[in-house]
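One structure is given below, encoded as structure tokens.
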Amino acid sequence: MNDASKCHVLIVDDHPLYRAALRGAIAASVPDCEFWEADNVATLLDVLDRHADVHLLLLDLNLPGAYGFSALAHLRGTHPALPVIVVSAMDDPRTVRQALSFGAQGFISKSATAGNIGASVAAALRGELVTPLGNAADEGTDPAALDAAQRMALLTPQQFRVFGMLCSGRLNKQIAYDLDIMEATVKAHMTAILRKLGAANRTQAVLLAGRLAVDPTELRPQPEDREPV
């Protein structure tokens, strides 16, 4: 099989040992598979910028630079045709249903066996919906959370990077340093982010992200909006 016909899978997880386990499980079920990896949101977006031929993305929920389903919601806007499987140790029915409601093609529990993981990925590559046995996919999700997901999908990749840093409590000058851009550019991104999210200030924007968070305590809003946009 030549490179053009290989299956390209992007594994996004911040634990290298689990990424290696996923590679092994998938390789055993899907022949001629080529893997790319990322351990945070910034690297994930960089890989997608460089490679337009990713066939499937496996996305961890607990990912540096994202909160809960925010990365999934963003990807549905920037890469709507890319199938995404959420991979998480939090595999309760509510979390599975949320993943599907926010646009995932499937859900894999981190407690699944290697055989089940490989079979699920193979099924997803065939266009099938994959979920843990017994988890219903037809129950509704909070309309406010769906609205937040739709707004998150409007952000550009760079705006999403900035937004993730905002949610971690970083100041404009810190974000500018981390992204190697001017502080004025960060402020311009902040203005666009607030407009797209329909938020009046930075705190409201972070609260909106909380609607997509699995653990809202991870979010760190800046008290009293002490920094101007």
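The values are calculated or read from the model by the stated rules, or taken from the named source; none is laboratory data. These numbers were taken from a predicted model, which means no experiment stands behind them. Don't worry about glycine lacking a Cβ; one is built from the backbone with ideal geometry, like all the others, and counts go over all protein chains shown.
Key figures for this structure:
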{"read-out": "Selection count, region 196-213, where residues are closer than 10 Å to residue 151 by Cα and basic (Lys, Arg)", "value": "1"}
{"read-out": "Subset of region 147-169 [on the phi < 0 side of the Ramachandran plot and modelled with pLDDT under 90]", "value": "167, 168"}
{"read-out": "Residue 183 at pLDDT 90 or above and among the acidic types (Asp, Glu)", "value": "yes"}
{"read-out": "Residue within region 187-204 that is in a loop (DSSP other than H, G, I, E, B), touching a residue at least 40 places away in the same chain (Cβ under 8 Å), not aromatic (Phe, Trp, Tyr) and not assigned by TED's automatic domain parsing to the domain that holds residue 70 present", "value": "yes"}
{"read-out": "Count - residues of region 30-50 that are under 14 Å from residue 78 (Cα atoms), surrounded by fewer than 18 Cβ atoms within 10 Å (Cβ to Cβ) and touching a strand residue (DSSP E or B) at 6+ places or on another chain (Cβ under 7 Å)", "value": "1"}
